[in-house]
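Enquirer: Here it is: the structure, laid out below.
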Amino acid sequence: MDREVKKLKEEIEREREKGVAAMVACYQGFDPAAYLQYNYMPPRADFDRQDSIVPWKLGCLHRAFTEGDVGGEVLVDVGSGPTLYQVLSACEVFDTVFLTDFLEVNRQELRRWLQGEGKGYSSLDWTPYLQHVCKLEGRSPSAWTEKAARLRSVVSDILPIDVHLPRPLPLDSQLPTAGADCLVSCFCLESVSPDLASFTRALGHIRGLLRPGGHLLLIGALGESYYMGGPGVRIPVVPLDEAQVCASVRASGYTLVRLEVYTLPQGMKVGVDDVTGVFFVKARKP
Ligand SMILES: Nc1ncnc2c1ncn2[C@@H]1O[C@@H](CSCCNC[C@@H]2Cc3ccc([N+](=O)[O-])cc3CN2)[C@@H](O)[C@H]1O
């Protein structure tokens, strides 16, 4: 019996590895500029619409970073993609921020904004995002230039990452030995995992980047089976529901603090994916 169980487990592991390798192939056509246009322009990023998705996400992150229990020195953003919105509140709390992504094209997109001054240095104008988060913080929108300077000052490095590895970051990544004080990850894990087991395993891998007592802030898609990563680039996603997200967070060793859910109104369904909702999880590593 043991020999048969061992053989079955090996077969399951081989299938999982095939799924992860297939996912790598899917990402070769990822187009940061197109992806930003699909998801980070109106209507999904309309700061004048009460039901727009991006203001909801920024609100969740603002509350999490200002309610008093999330703090420390080092924050890692897991799977940054070509976006910066996910660290606009965090940059006021942490003095050392690591951005990370699997693809060089995305790391390059982030570098261009961080190293450039003014417009024309990145595929998307992040000014409205900076202004919106300043308003959430009770500041004048014109303080966006100070926030941009603050963000540029705290980003310590832009690192390659692979959440399917037990050690997702390079060995020389300058992360504190005890781990980061906080992890943020937005729309990454479910979009790079071929199945629920891989999603849960990836949560466990990134848990190793976090110190005991540190927090995980996780945003992701509900009900999504694919998204367009560029013209003609259809990328599979493991569809998740709320119960699966909560179970995976707990099974991978976190204490779930809070789950918030946004359900997409028809006006936010723009044909670039089949996402039905967005979740926000605040969790803690015991
Ligand atoms: N092995 C890996 N480890 C870490 N990161 C990896 C790995 N492989 C690829 N990556 C990296 O992960 C990727 C992150 S972008 C993933 C996009 N997620 C789906 C997309 C996003 C989105 C945005 C907004 C809204 N909305 O409703 O407003 C909905 C949706 C749903 N569709 C990409 O950067 C890739 O480069």
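The values are calculated or read from the model by the stated rules, or taken from the named source; none is laboratory data. Keep in mind the model is a prediction, meaning the values are calculated, not measured. With ideal geometry, Cβ positions are generated from the backbone for all residues, glycine too; neighbour counts draw on all protein chains shown.
Enquirer: Is at least one residue of the stretch 258-269 within 22 Å of residue 69 (Cα to Cα), away from the ligand (no atom under 16 Å from the Cβ) and not in a helix (DSSP H, G or I)? Give the steps one after another, and end with the answer.
Expert: Pass one, the stretch 258-269, residues within 22 Å of residue 69 (Cα to Cα): 258-261.
Okay, now just the ones that are also away from the ligand (no atom under 16 Å from the Cβ), so 258-259.
Retained after the next criterion (residues that are not in a helix (DSSP H, G or I)): 258-259.
Yes, the stretch 258-269 contains a residue that is within 22 Å of residue 69 (Cα to Cα), away from the ligand (no atom under 16 Å from the Cβ) and not in a helix (DSSP H, G or I).
Enquirer: How many of the residues in the stretch 17-54 are assigned to a helix (DSSP H, G or I), among the basic types (Lys, Arg) and within 11 Å of the ligand (Cβ to nearest atom)?
Expert: Of all residues in the stretch 17-54, those assigned to a helix (DSSP H, G or I) come to 17-29, 32-39, 53-54.
Among the residues that remain, those that are also among the basic types (Lys, Arg) are: 18.
Subsequent filtering for residues that are within 11 Å of the ligand (Cβ to nearest atom) retains none.
Total satisfying the criteria: 0.
Enquirer: Just a yes or no: is a residue in the stretch 69-88 out of contact with any Phe, Trp or Tyr (no Cβ under 7 Å at 6 or more places or on another chain), in contact (Cβ under 8 Å) with a residue 12 or more places away in the chain, hydrophobic (A, V, I, L, M, F, W, C) and more than 30 Å from residue 207 (Cβ to Cβ)?
Expert: No, the conditions are met nowhere in the stretch 69-88.
Enquirer: I would also like to ask the following. Which condition number in (1) within 18 Å of residue 141 (Cβ to Cβ); (2) buried (at least 24 other Cβ atoms within 10 Å of the Cβ); (3) of a type in the set (A, V, I, L, M); (4) within 14 Å of the ligand (Cβ to nearest atom) is the one that residue 78 fails?
Expert: (1) is the only condition that residue 78 fails.
Enquirer: Now for a different question. If residue 200 satisfies every condition in (1) in a loop (DSSP other than H, G, I, E, B); (2) without any contact (Cβ under 8 Å) to a residue 60 or more places away in the chain; (3) not acidic (Asp, Glu) but one, which is the exception?
Expert: Here residue 200 clears every test but (1).
Enquirer: Looking only at the stretch 81-129, filter to residues that are away from the ligand (no atom under 16 Å from the Cβ) and of a type in the set (Phe, Trp, Tyr); which one of those is modelled with the lowest pLDDT?
Expert: Among those residues, the one meeting the criterion is 121.
Enquirer: Report yes if residue 61 is buried (at least 17 other Cβ atoms within 10 Å of the Cβ), of a type outside the set (Val, Ile, Thr) and in a helix (DSSP H, G or I), otherwise no.
Expert: Details: buried (at least 17 other Cβ atoms within 10 Å of the Cβ): yes; of a type outside the set (Val, Ile, Thr): yes; in a helix (DSSP H, G or I): yes.
Yes: the conditions hold for residue 61.
Enquirer: Find the residue count for the stretch 121-142, including only residues that are in a loop (DSSP other than H, G, I, E, B), within 21 Å of residue 42 (Cβ to Cβ) and without any contact (Cβ under 8 Å) to a residue 60 or more places away in the chain.
Expert: First, the residues of the stretch 121-142 that are in a loop (DSSP other than H, G, I, E, B): 121-126, 137-140.
Next, only the ones that are within 21 Å of residue 42 (Cβ to Cβ) stay: 122-126.
Add one more test, that the residue is without any contact (Cβ under 8 Å) to a residue 60 or more places away in the chain, and what stays is 122, 125-126.
Counting residues in the stretch 121-142 that are in a loop (DSSP other than H, G, I, E, B), within 21 Å of residue 42 (Cβ to Cβ) and without any contact (Cβ under 8 Å) to a residue 60 or more places away in the chain gives 3.
Enquirer: Let me ask you something else. Filtering the stretch 130-139 down to residues that are away from the ligand (no atom under 15 Å from the Cβ) and not polar (S, T, N, Q), which residue is surrounded by the fewest Cβ atoms within 10 Å (Cβ to Cβ)? So that I can check it myself, show each step before the final result.
Expert: Keep residues of the stretch 130-139 that are away from the ligand (no atom under 15 Å from the Cβ), which gives 130-131, 133-139.
Imposing the further condition that a residue be not polar (S, T, N, Q) reduces the set to 130, 133-139.
Values: 130: 21, 133: 26, 134: 20, 135: 15, 136: 16, 137: 16, 138: 8, 139: 15.
Here the residue is 138.
Enquirer: I need the full set of residues from the stretch 203-237 which are more than 24 Å from residue 89 (Cβ to Cβ), within 11 Å of the ligand (Cβ to nearest atom) and not in a strand (DSSP E or B), in order please.
Expert: Result: 205, 223, 224, 225, 237.
Enquirer: Another one. Applying the selection to the stretch 52-107, what residues are of a type in the set (D, E, K, R) and within 23 Å of residue 268 (Cβ to Cβ)?
Expert: To start, the set of residues in the stretch 52-107 that are of a type in the set (D, E, K, R) comprises 57, 63, 67, 69, 73, 77, 92, 95, 101, 104, 107.
If the condition is that a residue be of a type in the set (D, E, K, R) and within 23 Å of residue 268 (Cβ to Cβ), then 57, 63 are the ones that fit.
Enquirer: Right, here's the next one. Pick out the one residue from 110, 99, 169, 159 that is assigned to a loop (DSSP other than H, G, I, E, B) and among the hydrophobic types (A, V, I, L, M, F, W, C). Please lay out each step first, then the result.
Expert: Working: 110 fails: assigned to a loop (DSSP other than H, G, I, E, B); 99 fails: assigned to a loop (DSSP other than H, G, I, E, B); 159 fails: assigned to a loop (DSSP other than H, G, I, E, B).
After ruling out the rest, the residue left standing is 169.
Enquirer: Might you let me know whether the stretch 4-16 holds any residue that is under 21 Å from residue 238 (Cα atoms), under 26 Å from the mean Cα position of the chain (by Cα) and near the ligand (Cβ under 10 Å from one of its atoms)?
Expert: No, because not a single residue in the stretch 4-16 is under 21 Å from residue 238 (Cα atoms), under 26 Å from the mean Cα position of the chain (by Cα) and near the ligand (Cβ under 10 Å from one of its atoms).
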